[in-house]
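Following: one structure in structure tokens, then a few remarks.
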Amino acid sequence: MQKKWTKETVLEEGKKYSSRSEFKKKKSGAFRIAYMNGWLDEMIWLVRPTAKPIKWTKEAVFEESRKYSIVTEFMNNAVTAYTIAKNNNWLTEMDWLAPSKRKPSGYWKIKENVINESKNYKSVTEFQRKNSRAFDSAKLNGWLDEMDWLSKTNRKPVGYWKEKNNVFEESLKYNYRSEFSEGCYLAYITAKNNGWLNEMTWLKKTRNSPKGYWEDKEKVFKEARKYKYKSEFRHKAPSAYKSALLHHWLGEMDFETKVSKGDPRGPIHIIYVYIDEVNKYAYVGATNDMKRRDWEHKNQKNDPVYKYFYGKGLKIPAYKILLDGLTIVERQREERVQSLYYRDVLHYTLINNINLTGENVGSVGSLIKKWTKKAVLREAEKYKTPTEFFTKSAGAYDAALKYKMMNNETFPWFYSKRMPPRWWSVKEHVFEESKNYKSWNEFFLKSPAAHFSARKHKWEYEMTWLLRDQVPQCYWQNEENVIEESKKYSTRTDFFKGCHAAYDYVAKNNLWEKMPWIKTKVKEHGYWTKERVFEEGGKYSTKMEFKRGAPTAYSLATKNKWINEMEWAASDAKPQGFWQNKQNVIAESHKYSSRSEFRWGTPSAYRSAIDNGWIDEMKWLKRPQNYNLKWTRENVFIESHKYDSRGAFKKGCPSAYRVANVNGWMVEMIWLNIKNKK
């Protein structure tokens, strides 16, 4: 059954979004009702759509192109302008754009070019990493041996680590077995497999300190002085840090304060609310760590949420996320907007202090200004409209509401431009106002009330003086309009990308014969001769690249066995039995930092490591979290206390949840809410 949208429910729904376009896209029904009733102007938290870019005239395209030095930059950074320039053959007139840096086909088959390129590098490895196509050509043609200026890696000869003397000599460089493993894994694993490690008495098995070592305060402080930050101390000396934490010594240690450079995940701030539906109370808050904040609200006795709900003998409800993915500035603004919304629109009594929210005030902490009537009046004089006043000085605006100053007598400049009631219901007034603007979009942005009336009374089609960013309804159902639009393009692909609606009409009504200027990019039958297939194949260094770049040519090359003659196209496939070689598998595994990455990055090598029991020797691969944790009854119950519902428990720690479910312990976990089935 369709939801009945009232003003209250529309405003509540609109609070979930930060812009009008997002509101329209995700809840078109509510947006339409808000638009028709003129409620969008009240939703000042919704960012208006930005003006569309200028029309790409020849002058505008040329002006844009002058920002770049090469064609590729122009193409990547201004796709629309580049496409228009290309379709109209204006690129040849742009002398300031250097041609693309891409080498012509067959360039790296010429020995002189490859030799000259290789002289830009110091080693074979650097050459391979920075110009793989030139390197592959040099390797295939045997030119690498002539490049004396390229230093080779100091690899040990085959069988070097099978000699006991060599392994022992290498091991003398280290003090611990773990250091030996990290420093020279091949020597270490050879020693381990041959039982030589026990003979290396100079190698200590562990770096762990003896039992009770960190009970000595002096030793803990000595260790702590090695680190600049407390977090560094915690990560690099966990045992010493734990002892300092238990003995309350951290307060005596002088660590530098780490300056945050911002969270690498970008916008992560959240606006949330706890609601007492019965008594109509609400707490609106903001955080960047909802799990931690929820725990504080439910466990810290001086917390306002804890005080309120436990004071009334009520259980603290689950929080509700209002907005997420916010920047710090958006968080400050939206926390206040949501607080005002719950207080003034939904009529909840707020548990949180609304004066502690707002830009440059809320949650990240700064001093709260005391707004007197004179201070509010001086602040309001800086702004032209109530919306600008609220947006840029929310604290003063709230004080103006409190002092009942938001009226024509106190702030006459806010209301001087307001028209009398039903002014925009008169057609002449709307038409006169619309003639002040060049486009329909500008009319909408600068005079929304008149714009709304024009739409409501269907006067928009008479306003021919207003340029349109969008064509009117059914415009692309007219054959003349479609044919006129198609003249901008030379191929079907460009036509489809440039105007999908017009393209669909042409395809549906098969009007291609009327558009001889539209050409297809499909090669004519018989195009792929052997010479052309070889010419196309020469653009790629491997068979897989050839297959992806030119599938038709590759298919013919395979079918006619021409692929065997293309010596430059190396095969990506590993030879049979490649992953049964332990050294190959270990070398591949060093590309990854965890077992999970190894598993999905190179499945064949990973499976071989599992089947042959080599995976446990790869100490550099991190295991999954909780890998070694035995889910005993005690551990499962400890883990479950971190969550407030079965769903959250299952999502947060599926392995513990599964053990609890199998053993029938879920019934005893009364702190986990069960979602009611409808």
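Note on K156: aspartates and glutamates with a C-alpha under 16 Å away, same-chain residues under 8 apart excluded, are E169, E170. V337 sits with roughly 10 Å² accessible to a 1.4 Å probe, with DNA, RNA and ligands left out of the calculation.
What pairs in K402/K458; K384/K456; K230/K315 have C-alpha atoms more than 30 Å from each other?
Numbers: K402/K458 41 Å; K384/K456 28 Å; K230/K315 37 Å.
Listed pairs above 30 Å: K402/K458; K230/K315.
Summarising the overall dimensions of the stretch 68-201 from its C-alpha atoms, the Rg and Dmax are 25.8, 79 angstrom. Per-residue Karplus couplings for the stretch 502-518, computed as 6.51 cos²θ - 1.76 cosθ + 1.60 with θ equal to phi - 60°, are listed in order as 5, 4, 4, 5, 5, 5, 5, 9, 6, 9, 4, 5, 7, 10, x, 6, 8 Hz, Gly and Pro entered as x. Surface listing: T542, T80, T92 arranged by accessible area from highest to lowest gives T92, T80, T542, probe 1.4 Å. 3J(HN,Hα) couplings calculated from phi for the stretch 634-650 with the Karplus curve 6.51 cos²θ - 1.76 cosθ + 1.60 (θ = phi - 60°) are, in sequence order, 4, 5, 5, 5, 4, 5, 5, 5, 7, 10, 10, 8, 5, x, 5, 4, 5 Hz; Gly and Pro show x.
Need one value: the accessible area of I33 in square angstrom, 1.4 angstrom probe, rounded to the nearest 10. In the full protein context, I33 sits at about 40 Å². Here the calculated FRET efficiency for Y176 and E597, from their Cβ-Cβ distance with R0 = 22 Å, stands at 0.25, rounded to the nearest 0.05.
Any of K298/K320; K291/K591; K26/K508; K236/K619; K312/K650; K320/K404 with alpha carbons more than 24 Å apart? Name them for me. Going by Cα-Cα distance, K291/K591; K26/K508; K312/K650; K320/K404 fall outside the 24 Å limit.
Phi angles across the stretch 535-548 convert, under the Karplus curve 6.51 cos²θ - 1.76 cosθ + 1.60 with θ = phi - 60°, into 3J(HN,Hα) values of 5, 5, x, x, 7, 10, 9, 10, 5, 5, 4, 4, 5, 6 Hz, Gly and Pro given as x.
Loop only per DSSP, at most 10 neighbouring Cβ atoms within 10 Å: give me the trypsin sites (Lys or Arg not before Pro) in the stretch 279-308, ordered by residue number. In loop regions of the stretch 279-308 (DSSP not H, G, I, E or B), the sparsely surrounded trypsin sites (Lys or Arg not before Pro) are K301. Using R₀ = 22 Å, calculate the FRET efficiency as 1/(1 + (r/R₀)^6) where r is the Cβ-Cβ separation of Q477 and W512; round to 0.05. After rounding, the FRET efficiency stands at 0.80.
Once backbone amide H atoms are built at 1.01 Å from N, L322 has I271, Y272, V273 as its partners under 5 Å, excluding neighbours fewer than 5 places away on the same chain.
Candidate cross-link partners of K651 among the aspartates and glutamates, defined by an alpha-carbon separation under 13 Å and a same-chain spacing of 8 or more, comprise E639.
When log10 I(q)/I(0) by the Debye sum over Cα atoms at q = 0.09, 0.10, 0.12 Å⁻¹ is computed from the coordinates, the matching label among (i) -0.81, -0.94, -1.17; (ii) -0.80, -0.99, -1.38; (iii) -1.30, -1.34, -1.37 is (iii).
Of all stretches in the chain that contain no GluC sites (Glu not before Pro) in a DSSP loop with at most 14 other Cβ atoms within 10 Å, the longest one is 1-162.
Ordered by solvent-accessible area of protein heavy atoms (1.4 Å probe), largest first, the residues S171, S645 come out as S645, S171.
The values are calculated or read from the model by the stated rules, or taken from the named source; none is laboratory data. What you are looking at is a predicted structure, and each value in this text was computed from that prediction instead of being measured. Reconstructed Cβ throughout: ideal geometry from the backbone, glycine too, with neighbour counts over all protein chains shown. These accessible areas exclude ligands, DNA and RNA; they are computed on the full protein's heavy atoms, side chains included. Shrake-Rupley method; radii C 1.70, N 1.55, O 1.52, S 1.80 Å.
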